[in-house]
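The values are calculated or read from the model by the stated rules, or taken from the named source; none is laboratory data. All of these numbers come straight from a predicted model, not from anything done at the bench. No Cβ is skipped: glycine too gets one built from the backbone with ideal geometry, and neighbour counts run over all protein chains shown. Side chains included, ligands, DNA and RNA excluded: accessible areas come from the protein's heavy atoms. Shrake-Rupley method; radii C 1.70, N 1.55, O 1.52, S 1.80 Å.
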Amino acid sequence: MRGWWDGQDADAMVDAMNRVPLAAGDTLLVPAGLAHAIGPGVTLVELQQPTDLSVLLERRTLTEREALLGLDLDTAIDGLVREVTPADRIHALRQGRGAETLFPADADPFFGAERIHVAGGRELDASFSVLVVLGGSGTLQTADVTLPLRRGATVLTAHGDGPIALSGDLELIRCLPPR
């Protein structure tokens, strides 16, 4: 790791990673400390814990301090998973639970996500959430607000908004806080 960092050898870093083919609609949980890269042609919704702590091994235009969050290199590297991730573990990290729950239970202490389809109308329980509209169009209604929704829209909801009524023909992801 030190050699890759010092030489900023991105090719060697990527060569050491598992390649996980993705298709539209796939989900993959990447546990904390597991180095990863996002390949060309991938557009994604990325959820993280409610922190902004990402160590960047390929620093590009960042200073070492910025890329390592002010940590020394040894401390930053100590936080990385350096064992091989077996194929069965990768398979498990790709498994949601049921038709709507996108992540395995490993994600529950950190965040959650649901894939929601609306054909006509649907009510969501009150919760802090981020709604990302993947397709279709429709309306979001709370006691105080009505918002039009269409592909590409992102909406932050507060628990205090109460239940959320969705109508129309929509496909969206609802990002949720830890369970």
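Data table
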item: Residues listed by number, the stretch 28-48, amide nitrogen under 18 Å from ARG122 label point at 7 Å toward C-beta; result: 45
item: Summed residue charge, Cβ within 14 Å of ARG151's Cβ, Lys/Arg positive, Asp/Glu negative; result: -1
item: Of all accessible heavy-atom area on the stretch 78-160, the percent that carbon and sulfur account for (1.4 Å); result: 54
item: Projected label distance in nm at ALA158 and ARG60, using a 7 Å step from Cα toward the beta-carbon; result: 3.4
item: Nonlocal amide H pairs with LEU149, under 5 Å, H built at 1.01 Å; result: GLY138, THR139, LEU140
item: Environment charge of LEU56, counting only residues whose C-beta is closer than 11 Å and scoring Lys/Arg +1, Asp/Glu -1; result: -1
item: Per residue convex hull volume, Cα atoms of the stretch 2-53, in Å³; result: 115
item: Percent of Cα pairs exceeding the 28 Å cut-off, where the set is the chain; result: 36
item: Solvent-accessible area per residue for the stretch 9-161 (1.4 angstrom probe, square angstrom); result: 65
item: Placed amide H near PHE110: partners under 5 Å, 5+ positions off or other chain; result: ARG179
item: Radius of gyration and Dmax over the Cα atoms of the stretch 117-179, both given in Å; result: 10.6, 29
item: Per-residue [θ]222 nm for the chain (sum of -39500 (n - 2.57) over DSSP H runs n ≥ 4, rounded to 500); result: -3500 deg cm²/dmol
